[in-house]
1. Hey, any hits in the range 180-203 for a residue that's more than 16 Å from ligand 3 (Cβ to nearest atom) and within 15 Å of the chain's Cα centre (by Cα)?
2. Of 266, 278, which residue is surrounded by fewer than 17 Cβ atoms within 10 Å (Cβ to Cβ) and within 22 Å of residue 139 (Cα to Cα)?
3. On the given criteria, is residue 321 at pLDDT below 55, out of contact with any strand residue (DSSP E or B) (no Cβ under 6 Å at 6 or more places or on another chain) and surrounded by 14 or more Cβ atoms within 10 Å (Cβ to Cβ)?
4. Would the range 201-211 turn up any residue that is free of Cβ contacts under 8 Å to residues at least 40 places away in the same chain, touching a strand residue (DSSP E or B) at 6+ places or on another chain (Cβ under 8 Å), within 16 Å of ligand 2 (Cβ to nearest atom) and part of a loop (DSSP other than H, G, I, E, B)?
5. Which of (1) over 24 Å from residue 220 (Cβ atoms); (2) at pLDDT 95 or above; (3) touching a helix residue (DSSP H, G or I) at 6+ places or on another chain (Cβ under 8 Å) does residue 88 not meet, given it meets every other one?
6. From the list 112, 88, which one is assigned by TED's automatic domain parsing to the domain that holds residue 185 and touching a residue at least 40 places away in the same chain (Cβ under 8 Å)?
7. Given the structure, is residue 177 on the phi > 0 side of the Ramachandran plot and over 20 Å from the mean Cα position of the chain (by Cα)?
8. What is the number of the single condition among (1) at pLDDT 95 or above; (2) part of a loop (DSSP other than H, G, I, E, B) that residue 247 does not meet?
Ligand SMILES: Nc1nc2c(ncn2[C@@H]2O[C@H](COP(=O)(O)OP(=O)(O)OP(=O)(O)O)[C@@H](O)[C@H]2O)c(=O)[nH]1
Ligand SMILES: [Mg+2]
Ligand SMILES: [Zn+2]
């Protein structure tokens with residue numbers, strides 16, 4: 001008999017909602033726990049994972065995740081795996097578009113090495129001139145973008161042809177219309193949308209977890225919680241590669257030094273009067289300061305600078321043995337929802 005394979009649509013506490021690749025016995029989705037063996041191996045299940053399900057209970061719509069199939073890629077924040085493309089949503093007003101914030105989201109998305117579509121929402125709140133300004137700006141940076149309203153007209157339909165048979169993650173700051181877009185694209189009423197705060201013109205973090213929704217044209221789209229300050233890539237060399245403007249310059253020309261940081265070095269072909277160059281330098285310095293002072297960002301270990309045999313500087317995580325030591329199984333156990341996992345251990 002062939003394996004029962006499904007896609008993890010959402011993670012809630014220690015339960016996983018798994019949409020089956022092919023409906024079986026009239027059932028499309030099973031609520032699953034993770035097999036104890038996976039837990040022992042420290043394998044985390046993530047939204048977007050393709051998994052093998054065992055022990056299906058067709059009446060109770062329950063099952064257990066026995067195996068995680070290999071991941072093609074993975075985003076840490078929002079946490080999702082096997083992404084085919086990113087829709088980065090930004091509002092033109094309420095909350096206002098911000099060059100720093102958009103750039104940080106773009107840098108995160110670039111790390112996945114998949115197609116990125118930038119979508120500006122709330123076009124109904126700004127002038128045509130402002131819409132054009134942002135369109136031109138993104139074009140200069142090296143991105144195509146759509147400018148549309150999710151509350152007036154049906155311009156958002158232009159996004160449909162890009163979605164079929166793919167896993168698309170919609171990310172961006174809070175209040176920009178991620179859930180509103182998904183409500184339009186999927187025939188669902190149960191997706192919550194929240195008003196933007198009157199006072200701060202910021203979103204209210206209405207969406208609290210990542211969830212994949214099936215699309216009528218085939219494929220899946222993920223709603224994600226908005227957040228306002230994505231992390232920078234950890235490695236300064238990754239940082240340069242995440243700017244299309246730098247990639248484009250380096251495809252045509254070479255810097256004098258192979259290990260050029262594109263800052264003050266002589267003979268640098270990247271340095272120049274392009275809009276986001278000062279941002280690149282600012283982020284580069286931020287990463288280098290972090291690395292040399294051992295200061296870590298909130299989620300990542302600190303970096304140490306190392307010089308390799310060719311004289312290039314590389315950054316590696318500096319692990320504090322105490323902080324990153326694996327906790328004993330007993331310690332780990334205390335953090336798990338005892339019910340779900342215990343039942344599983346005894347049942348399977
Ligand atoms: N005027 C206008 N309002 C919009 C548009 N798109 C979304 N909104 C409104 O913006 C508010 C926030 O929309 P949501 O869809 O909840 O935003 P979100 O990005 O999902 O926000 P979080 O879940 O907090 O991350 C709601 O009141 C929407 O009705 C638009 O194109 N124009
Ligand atoms: Mg939302
Ligand atoms: Zn250079």
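1. No, because not a single residue in the range 180-203 is more than 16 Å from ligand 3 (Cβ to nearest atom) and within 15 Å of the chain's Cα centre (by Cα).
2. After ruling out the rest, the residue left standing is 278.
3. no
4. The answer is yes, given that some residue of the range 201-211 is free of Cβ contacts under 8 Å to residues at least 40 places away in the same chain, touching a strand residue (DSSP E or B) at 6+ places or on another chain (Cβ under 8 Å), within 16 Å of ligand 2 (Cβ to nearest atom) and part of a loop (DSSP other than H, G, I, E, B).
5. (1)
6. Checking each option against the conditions leaves just 88.
7. Criteria not met by residue 177.
8. (2)
The values are calculated or read from the model by the stated rules, or taken from the named source; none is laboratory data. Just so you know, these numbers come straight off a predicted model, no measurement behind them. As a convention, Cβ positions derive from the backbone with ideal geometry for all residues, glycine included, and neighbour counts pool all protein chains shown.
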